[in-house]
Structure formats: C-alpha cells, structure tokens
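Let me begin by presenting the structure, written as structure tokens, before commenting on it.
The values are calculated or read from the model by the stated rules, or taken from the named source; none is laboratory data. Since the model is a prediction, treat every value here as computed from it, not as a measurement. With ideal geometry, Cβ positions are generated from the backbone for all residues, glycine too; neighbour counts draw on all protein chains shown. These accessible areas exclude ligands, DNA and RNA; they are computed on the full protein's heavy atoms, side chains included. Shrake-Rupley method; radii C 1.70, N 1.55, O 1.52, S 1.80 Å.
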Amino acid sequence: MTSHSDGPAPRPAIQDPVARATSPGTGQIPAAGFAALIPELSVTNLEESLRFWCGFLGFEVAYDRPAARFAFLNRGAVQVMLCERNGRWEPADMRRPFGRGINLQITVERIAPILGALTKAGWPLYEEPTEAWYRTGDREGGQREFLVQDPDGYLLRFAEGLGTRPVTQSG
C-alpha cells in the first residue's frame, strides 16, 4: 500500500458549506447526467485517493472543486464523489477502515486491466478474483469478482459479467 504522507500537506479546505458548494472548479456534469444513487466517500487525502481511483481503477474526474477538496468521478456509467474530510456529515468517529459494513460493487467490462494496474503498483487485494453465481428467481447470474480497499479502507468489489444460467441447486 502507499504511504499516507506522500507529497506536501494539502491546502486547508474551505469550511463554509455555501462557499464550498459554489467554489470554482473544472469539468462538467457527466454527459449521461447524474445516476440516481451516487456515493460520496469522505477521504483523508484527496490527491492520494485520486491517484488510486483514477490511476489504478480507471476513473476520470468529471468535475472538481479544488478549494473544497472535492472531485466527482466517473467510469462509464459508474459515478462516485470523493471529498476530503472536513468534519461535516460525520455522524460518528472516523477511523480506518472507513465504510465498515459496506462494499461497493462496481461492474466493469473486464477486471483484468484493473488487476494489472493494482499488481504493477504492488497494491494488495482484499480478496483474489473468484467466480461467483448469484440466484435471482429461476436464474443465476455469474460474475468474476475481486475485492480491494482504497487508501482509506473502503471495500470495493469489481465484477465482470459471465452471463446467466438456470439455477443449478434448489434452495
């Protein structure tokens, strides 16, 4: 894993909520618009998180507000927001790993390029790639999946589809 102290200390973020929301930035709304559910992850160091999410996982910054320490990312139809911790919207003590009790499944065309980037960077996997079949009614949907933690410990499950098949076991 990477160090949590790479590079210079980030500039302090704007604290006023209105000023944060209206601070200047770059980019624009994703061409397909906004998804109905977009997780916003509180991160310790935005630059470190962007290196991970964009450099290893293939996300792109759709738009950002640097003075607010905020970035909106997308990868195909997947959207996620990253915001450097500022003490707002933290209902409990924040300790790593963040996001305990949740994993975010991200469906991609192929997991191989992501695995290659993580391996090249020496980034550890939480769970090695496996084939999993999940029952939905009278069918099973298959996917090849693996899990990895981001710099703050959020658990991410990347999956590529393997198709469907009839249920193989009654239950």
(request) Could you work out which residue, out of L104, L82, L73, moves most in a Gaussian network model of the chain, that is, has the largest mean-square fluctuation with Cα springs under 10 Å? (result) L104
(message) As I understand it, the value is the acute angle between the Cα axis of helix 112-121 and the longest principal axis of the Cα atoms of the chain; what does it come to in degrees, rounded to 10?
(response) 50 degrees
(request) Report the paramagnetic label zone for A19: residues of the range 61-90 whose backbone N is under 14 Å from a point 7 Å from Cα along the Cα-to-Cβ axis. (result) 67-69
(message) Accessible area of the range 14-88 with a 1.4 Å probe: how many percent of it is carbon plus sulfur?
(response) 58 percent
(message) Which order do the peptides 35-41, 52-58 come out in when sorted by mean C-beta neighbours inside 10 angstrom, highest first?
(response) 52-58, 35-41
(request) Normalising by the residue count of the range 46-171, find the relative contact order in percent from Cα pairs under 8 Å and 6+ residues apart. (result) 22 percent
(message) I'd like to check one number: the per residue accessible area of the chain, probe 1.4 Å, reported in Å² as a whole number.
(response) 58 Å²
(request) Determine the order of S49, S42 by accessible area, beginning with the largest, at a probe radius of 1.4 Å. (result) S42, S49
(message) What's the ranking of 133-143, 89-99 by average number of surrounding C-beta atoms within 10 Å, highest first?
(response) 133-143, 89-99
(message) I'd like the distance between the alpha-carbon centres of the range 116-171 and the range 96-113, rounded to an integer number of Å.
(response) 9 Å
